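The values are calculated or read from the model by the stated rules, or taken from the named source; none is laboratory data. Computed from a predicted model, the values in this text were never measured in an experiment. Note: ideal-geometry Cβ built from the backbone for every residue, glycine included; neighbour counts use all protein chains shown. The protein model used for the area step is the full one, side chains on, heavy atoms only, and it has no ligands, DNA or RNA in it. Shrake-Rupley method; radii C 1.70, N 1.55, O 1.52, S 1.80 Å.
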Amino acid sequence: MKEYEPVIRRIITEGHYLGGHSDRHILYAPWEDRTKSLVTPDSLIIDLRNNLKELERFGIRQQEAGYFLPPYEWYNEESVRLLKSQGQQVINFTPGIRMAADYTTPDMPNYRSSRELIDQLWEFEKEQTLQGAIILIHPGTQEKRSDKLYLHLSEIIRTLRGKGYDFAGIDE
């Protein structure tokens, strides 16, 4: 999306990793039964390839974007097999970390404020550690969410550095 180009360019310029997450953000499997697929193999591969083409516009070659986080973070064995056949390693955020709920808006029953999400992260860190964790924070969210979690990223990184965590190559 054109509106996210400045954010994407900044991510690349600062040396952060940028990988695929789908072109059309299609749901691969039903919420009720992950064993079934909602997309044909061709549809999934076309969606992946279109996503990789979009990344190429920013100078990210397919070989540099070998990790893929499926849309909605919801997938099944079939989609993993297909993505692997295209040279992609499927990843997901660490279970139990709720930062990915930063897409929610106040009108949703599952809404979580940025403060709630950050407090939950600190609780998780205290109980289990964040060493090796993958934390998903969306760099863009709906306008209805005025409480943007990504605006707290510097605070989160500073606090984690203060606790001894290392962020090689990440500037605030």
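Data table
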| read-out | value |
| --- | --- |
| Reachable aspartates and glutamates, given that their alpha-carbon falls under 15 Å from the alpha-carbon of Lys53 and they are not under 8 places away in the same chain | Glu5, Asp23, Glu64 |
| Relative contact order [Cα under 8 Å, 6+ residues apart], segment 1-124, whole percent | 23 percent |
| Histogram of C-alpha separations across segment 95-134, 10 Å bin width, % | 30, 50, 18, 2 |
| Inverse of mean 1/r across different Cα pairs in segment 1-97, Kirkwood, Å | 14.0 Å |
| With at most 15 other Cβ atoms within 10 Å, longest stretch of the chain clear of loop chymotrypsin sites (Phe, Trp or Tyr not before Pro) (DSSP) | 112-164 |
| Å² of accessible area per residue within segment 1-126, as computed with a 1.4 Å probe and no ligands counted | 60 Å² |
| In sequence order, calculated HN-Hα J values of segment 152-162 (Karplus, 6.51, -1.76, 1.60; Hz; x Gly/Pro) | 9, 4, 4, 4, 5, 5, 4, 5, 5, 4, x |
| Radius of gyration, Dmax [segment 53-111; alpha carbons; angstrom] | 14.7, 40 |
| Label assignment, volume of the Cα convex hull per residue in Å³ derived from the structure, set (1) 101; (2) 134; (3) 171 | (2) |
| The chain: calculated mean residue ellipticity at 222 nm from DSSP helix runs of at least 4, using -39500 (n - 2.57) | -10500 deg cm²/dmol |
| Whole-Hz couplings from phi, Karplus 6.51/-1.76/1.60, listed for segment 36-52; x for Gly and Pro | 8, 10, 9, 10, 6, x, 4, 4, 5, 5, 4, 4, 4, 4, 5, 5, 5 |
| Globularity ratio of segment 76-172, using Cα Rg and 2.2 N^0.38 Å | 1.23 |
| Nonlocal amide H pairs with Phe68, under 5 Å, H built at 1.01 Å | Gln89, Val90, Ile91 |
